[in-house]
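J.: Here it is, the structure, as structure tokens.
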Amino acid sequence: MRIFIRIMSLIIAISFASPALSFFGLFQPKLFDLAAELADKGNPNAQYILGMMYNNGFETEMDRTKAFALFQQAEQGGDKLAAFKLGCYYDGQAPEAVAVDKEKAFNYYLSSAEAGYSLAQFVTGNMLFAKGNYEEAVYWITKSAQQGHDRSFTNLFTLYSDPQWGVEDRALAHQYLSIAIAKTNEAKYLPRMRELLAENAAFLTTEQIQLAEKNAAAYVPEQTPLTLRVVRGYNELYDIRNQMVLENIK
């Protein structure tokens, strides 16, 4: 009997891993209901997702006050995507839920950046740039670029190609703008980007240009598990449910 129960529990766990496997979706709960169930059980990742549902008005009415409370719970439980959203809220995204506090916003962004979230790294870098901390800005924007965040490449070009920021490196500027050109889907920007690339190339030797272009061609983004969670989106709920069921079987 115990073996039968374990087998059935495992089947249920597998079925919740994906909507397509859940008895052809016949018994799959609404994502909002599943998020609420898992959040009530204290799972911080589910609390974050439920907060995002209230934030976006997904399968429920938009309520950013509820979202803020859920992000706080999730962040206290260790969810670093929730830390990023708290940064957004303190940065002015939801004035109806919380007063703007730029210092708190920065600290939450930084916490998420340190945990590996690419967008948090990009935002942290830009906030440091605004504060005049150009070397630290380069550090975080580079971290974001390593994960493939599109706007990071043009920002790095700006930092490295303009001597006023104190971090001038024309070869790296050439490398990052070359990557941006290869990645962009906005054809209208390409002529200007190529003009900037040619202007920057005037400061480089042929060997430097060749090396920069070789490095750009070899570029492959490497996303962290935290960034990949964002790619998974609301469907992460099935992973959470699956893991919780498996833990109960043990």
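The values are calculated or read from the model by the stated rules, or taken from the named source; none is laboratory data. Owing to the predicted nature of the structure, the values given are computational and were not obtained by experimental measurement. Positions of Cβ are generated from backbone atoms using ideal geometry, with glycine treated the same way; all protein chains shown enter the neighbour counts.
J.: Restricting attention to the range 106-126, which residues are farther than 19 Å from P225 by Cα and surrounded by fewer than 21 Cβ atoms within 10 Å (Cβ to Cβ)?
T.: F106, N107, N126
J.: OK, next. Residue under question is E213, and the condition is that it be of a type in the set (D, E), out of contact with any strand residue (DSSP E or B) (no Cβ under 7 Å at 6 or more places or on another chain) and loosely packed, with under 15 Cβ neighbours inside 10 Å; does it hold?
T.: Details: of a type in the set (D, E): yes; out of contact with any strand residue (DSSP E or B) (no Cβ under 7 Å at 6 or more places or on another chain): yes; loosely packed, with under 15 Cβ neighbours inside 10 Å: no.
No: the conditions fail for E213.
J.: For the subset of the range 85-105 comprising residues that are of a type in the set (A, V, I, L, M) and either at pLDDT below 95 or in a helix (DSSP H, G or I) (or both), which member is surrounded by the fewest Cβ atoms within 10 Å (Cβ to Cβ)?
T.: Pass one, the range 85-105, residues of a type in the set (A, V, I, L, M): 86, 94, 97-100, 105.
Then drop every residue that is not either at pLDDT below 95 or in a helix (DSSP H, G or I) (or both), which leaves 86, 105.
Working: L86: 25, A105: 20.
Ranking the candidates gives A105 first.
J.: Answer yes or no as to whether F106 is within 24 Å of F32 (Cβ to Cβ) and either in contact (Cβ under 8 Å) with a residue 60 or more places away in the chain or not hydroxyl-bearing (S, T, Y) (or both). If you could, list the steps in order and put the result at the bottom.
T.: Values: within 24 Å of F32 (Cβ to Cβ): no; either in contact (Cβ under 8 Å) with a residue 60 or more places away in the chain or not hydroxyl-bearing (S, T, Y) (or both): yes.
The answer is no for F106.
J.: Read through the list (1) surrounded by 12 or more Cβ atoms within 10 Å (Cβ to Cβ); (2) more than 17 Å from G125 (Cα to Cα); (3) at pLDDT below 95, then give the number of the only condition that A171 fails.
T.: Among (1) surrounded by 12 or more Cβ atoms within 10 Å (Cβ to Cβ); (2) more than 17 Å from G125 (Cα to Cα); (3) at pLDDT below 95, the lone unmet condition for A171 is (3).
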